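Trainee: Pasting a structure here, questions to come.
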Amino acid sequence: PKTKYALIRQQVKWNDIPAFYASHIAILMGEAQRQKFTPGTATGLYFTWDDKNQLTDMAAAVPLPEGKELGSPIIRMETIEGGKAIYTDHYGPYEQTLNAWTILRQHIASHNLKQKGPVIEQYLNDPATVKDTAKWQTRVWMMVEE
């Protein structure tokens, strides 16, 4: 579905993704708490993935309840339009979610589909409460043209 996100977006080297995401999702969650509401599932949005330079244009993001916005000089609002998508669930460490990307891209190629928009990773449980990395659940979405 069409989803409005509060996000912090920038170019990030692959090795810096975990630190970027952790620090910026904390800013988003803190701002939501300050404004006394609970945002949706913590999400990573990946707009580009540059294998040659090992860079990604990405965002730490949270979906917002209807009528809510987060305010901060580094937080912006962005809406991802709804549409046709495919997804798979990855269980395990975040460093291995690229396996899910590969599976989805193979499906897209074998069905002559065309990917559009960012790759969306929803982090469905919290590593602070789920210590066993084998139980970490990440839902990886890829939007496709209809």
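The values are calculated or read from the model by the stated rules, or taken from the named source; none is laboratory data. The model shown is predicted, which means the values in this text are computed figures rather than measured ones. Glycine gets a Cβ as well: all are built from the backbone with ideal geometry, and neighbour counts include every protein chain shown. The area values use the complete protein model at the heavy-atom level, side chains included, leaving out ligands, DNA and RNA. Shrake-Rupley method; radii C 1.70, N 1.55, O 1.52, S 1.80 Å.
Trainee: Which of A59, A22, A42 moves most in a GNM of the chain, Cα contacts under 10 Å?
Mentor: A22
Trainee: Compute the angle between helix 17-34 and the longest alpha-carbon principal axis of the chain, please, reported from 0 to 90 degrees and rounded to the nearest 10.
Mentor: Roughly 40 degrees between the two axes.
Trainee: Continuing with this model, one more query. Assign one of three labels to the chain, namely rounded, prolate or oblate, based on the Cα gyration tensor with a ≥ b ≥ c the square roots of its eigenvalues; rounded applies when a/c is under 1.5, prolate when it is not and a/b is larger than b/c, and oblate otherwise.
Mentor: Prolate.
Trainee: Now for a separate question. With an 8 Å cut-off on Cα pairs and a minimum separation of 6 or more residues, tell me the relative contact order of the chain in percent.
Mentor: Here the relative contact order equals 28 percent.
Trainee: Calculate, for the chain, the solvent-accessible area per residue in square angstrom, rolling a 1.4 angstrom probe over the heavy atoms of the protein chains.
Mentor: 57 Å²
Trainee: So which trypsin sites (Lys or Arg not before Pro) in the stretch 62-146 are both in a DSSP loop and have at most 16 other Cβ atoms within 10 Å of their Cβ?
Mentor: The qualifying sites are K68, K84, K114, K131.
Trainee: Sticking with this one: Classify the stretch 75-146: rounded, prolate or oblate, from the alpha-carbon gyration tensor (a ≥ b ≥ c, eigenvalue square roots; a/c under 1.5 rounded; otherwise prolate if a/b is larger than b/c)?
Mentor: Cα axes put the stretch 75-146 in the oblate bin.
Trainee: Using a probe of 1.4 angstrom, how much of the accessible area of the stretch 1-126 is carbon and sulfur, in percent?
Mentor: Using a 1.4 Å probe with all protein chains present, the stretch 1-126 comes out at 50 percent carbon and sulfur.
Trainee: If you take the square roots of the eigenvalues of the alpha-carbon gyration tensor of the stretch 1-43 and sort them as a ≥ b ≥ c, do you get rounded (a/c under 1.5), prolate (a/b over b/c) or oblate?
Mentor: Oblate is the answer for the stretch 1-43, as a/c is 1.5 or above yet b/c matches or exceeds a/b.
Trainee: While we're looking at this one, here's another question. How far is helix 98-110 tilted off the main Cα axis of the chain, in degrees rounded to 10, range 0 to 90?
Mentor: The angle comes out at about 50 degrees.
Trainee: Let me ask something else. Do the sum for the chain: with -39,500 (n - 2.57) for every DSSP H run of n ≥ 4, divided by all residues, what is the mean residue ellipticity at 222 nm, to the nearest 500 deg cm²/dmol?
Mentor: -7000 deg cm²/dmol
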